[in-house]
1. For the stretch A:490-589, what does the alpha-carbon gyration tensor say about shape, rounded, prolate or oblate, given a ≥ b ≥ c as the root eigenvalues, a/c under 1.5 as rounded, and a/b over b/c as prolate?
2. Rg (Å, one decimal) plus Dmax (Å, integer) for the alpha carbons of the stretch B:35-107?
3. Kirkwood Rh over alpha-carbon pairs of the stretch A:346-462, then Stokes-Einstein at 37 °C and 0.692 mPa s: what D in µm² s⁻¹, rounded to an integer?
4. Within chain A, what's the longest stretch lacking GluC sites (Glu not before Pro) that sit in DSSP loops with no more than 15 other Cβ atoms inside 10 Å?
5. What residues of the stretch A:425-443 lose no less than 40 Å² of accessible area with every protein chain in place versus their chain by itself (probe 1.4 Å, heavy atoms only)?
6. So what does log10 I(q)/I(0) come out to for the stretch A:280-342 at q = 0.18 Å⁻¹, using the Debye formula with one equal point on every Cα and no solvent?
7. Computing the accessible area with a 1.4 Å probe over protein heavy atoms, can you report the carbon and sulfur percentage for the protein assembly as shown?
8. I'd like the mean, over residues of A:564-573, of how many other protein chain beta carbons sit within 10 Å of each residue's own Cβ.
Amino acid sequence: MRWRMRACVMAALAIWPAMQARAQGNGTDDGQWVMPAHDYASTRFSRLDQINRGNVGQLKIAFTFSTGLLKGHEAAPLVVGSTMYIVTPFPNYLYALDLNRPGAPLKWKYDPKPAAASQGVACCDVVNRGAAYANGRIFFNTLDDYTVAVDAETGAEVWRTKLGDINLGETMTMAPLVADGKVLVGNSGGEMGVRGWLTALDAGTGKIVWRAWSTGPDKDVLIGPDFKPYYAMDRGKDLGVKTWPPEAWKIGGGNVWGWISYDPELKLVYYGTGNPGPWNPDQRPGDNKWTAGIFARDVTTGQARWYYQFSPHDLFDHDGINEQILITMKVNGKPRKVLLRAERNGYFYVMDRVTGQVIAADPYGNVNASLGVDLKTGRLIPNPDKVTTQGKVVRGICPASPGMKDWNPAAFSPRTGLVYIPHMNLCMDYGAMEANYIAGTPYVGADVKMYAGPGGNRGVFTAWDPGARKAVWEIKEDLPLWSGALVTAGDVVFYGTMDGWFKALDATNGKLLWQFKAGSGIIGQPISYRAPDGKQHIAVLAGVGGWAGAVVAGGLDPRDPTAALGFAGATADLPGKTTGGGMLYDFVLP
Amino acid sequence: MILGLALLSGCDREAREVRGKPLPETAVAAQTSTLFPGGGSAGPEDPRAEMYAENAYHISEGGRLYRQMNCVGCHANGGGGMGPALMDDQWRYGGRMDQIVASIDQGRPNGMPSWRGKLTPTQMWQLAAYVRTLSANVPKDAAPSRNDTMSNIYPRTLAEPEPPSASDPAGAKGPAR
């Protein structure tokens, strides 16, 4: 029965030709790049087409800019008017570059002076994933838990609001989203027993408007009469308390350190919640609501509309924080508002974003950690052979803790109808052990060792057709992919590798058209914009680090494969292939 | 003959001072710099170090604390993560027993918490003794050959020692974070 239903849906899924992803962003493409995902729908699609498949091979450096830092550079630069903005990893400088002048020299630098001690509670390098622009201000988060608003013209601080406490292990690394006059931000700390939240600040004053916790009683989670989850497993009173051992929800994770999308028509924001803590699953029997799932919330009040749990009682640190791409797609002949998610647990989800129904969930790589997603109940089907438990090392689990894909975002082109997913092919051995909660210290309880999955390549770049529910083409990469993707109306797709190659592929068939060797590995998010001279540019930050690159950025010793929470084993060769060093590269046609 | 051997082995039995040596009235904190204007050197090591450094019991207790107090969460099994690696020859604040204790007690400004008041001095010394086994700087008969828990790593007793960098005896070497 299930199979017949699946087949029927599969046959009926087809991309709606007039894909309206851009319409949900900030109107027509004005050549700016004002938020890391480019638009509210999180397409990372640029309508600029001067650079195309035919001429991308001639791309040349327009200018470069050194950030002066050696940690992981995960951020997307922003371009507003004739200024480019770069937010760096700790100490979270904000640089403004003048695009009107030759060489784009520094206009000003804003230094938020975060506490040095915050470096000790950031789980996986001291990264920052970017800033956001709205109404003359740049908004971003500091590692020591401040959200700041800076005047985009002068670099003067407008307001700064403290949102968390590093002595509880709380940090902030995500990029804010500005919607409905509010700055939406979340915390990190899923490896430190930090209780997750999403907070809305008034963009004008920095005052907190609402805060939605990811665990705890319904009133804390902002669950009220409007909450209508699609599946029975997500319904019930105070599940954020009842699906945990007593009090465990207070230190249970569910952090909001990834991406937020916004549908202005529905007035709903969408975002995922991180892993439950600790990693040792035996210490938290139950579904551990509302971790490792996705919320839809009313942007004005913060009240939850629906929720879906990707990984109930997560066994592998499969955070649910990845980006969601909002498009309209024909399903069974009818256009539906959907969201697309290349999820950490290895499945590519197509969900109805009005109701929270899972329309499709298909593996986009090697998955044996689970056996599939039951589309009737919505529930992930665990694989009994791969259930992690205390006192046992479970071997050969795929995907590993960083998942099939971690935070690094995919891009969607309405021209090809494909989703371009930079991701990984890693498996792991997982030894769970008892973790003690000591505030402000790691709350993990797992010895993890990761390595390349079947085939031996650690990275994959997949072009996924969400209508046909299959990969159209894929590129195998030796190292894990930790950079974001960008696709343009010139049908060129860009991404970077951890040994420093910045690549341009033909978006239709994956053919390599151009590549450039940066000074350090690339884990940043490429962007495309129109400069004041009218030319289309491509820009990306190099600077290896992040969880995957911690072995370089932190000077770790990969002889211990459990270093960097088990990632060092999988990237032991990286120190021999690249060195740190934050640098912005900007390209243009001659 | 057998009795003789048993007696001989008894002669060399590891000594453990259960009550610990009395603490000096004023303990001088270990120096962590190797720069002494006009010349000089770090003072002698705190005499308590000797009591813990190569003692199997204290090392074992240190290993237990290393996991229970979540040191393992940041420094992994010596390779590091949120905190620096402890199995190599790089010591930002010194690799001597008393210097390691000073780092645990005082904390360090770039993210090492201060454990003063959370651990007793004895526990800090035990931890320091265990930390030195991660770089295999402890005789193999004193270091544990395996972890107390299920583990994904090779025993450190199989590793080659990584003495603190020879040109820098106090070992305060390596890039400041």
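1. Because a/c hits 1.5 or more and a/b exceeds b/c, the stretch A:490-589 counts as prolate.
2. 14.0, 44
3. It diffuses with D of about 204 µm²/s by this estimate.
4. Longest stretch, sites excluded: A:266-433.
5. A:MET433, A:ASN436, A:ILE438, A:PRO442
6. -0.80
7. Values: 14900 of 27020 Å².
Carbon and sulfur atoms account for 55 percent of the accessible area of the protein assembly as shown.
8. Details: counts 5, 5, 4, 1, 5, 3, 0, 0, 1, 0.
Partner Cβ neighbours, averaged per residue: 2.
The values are calculated or read from the model by the stated rules, or taken from the named source; none is laboratory data. Keep in mind the model is a prediction, meaning the values are calculated, not measured. Counting neighbours? That spans all protein chains shown, and the Cβs are built from the backbone with ideal geometry, glycine included. Note: accessible area is taken over every heavy atom of the protein model, side chains too, but ligands, DNA and RNA are not part of it. Shrake-Rupley method; radii C 1.70, N 1.55, O 1.52, S 1.80 Å.
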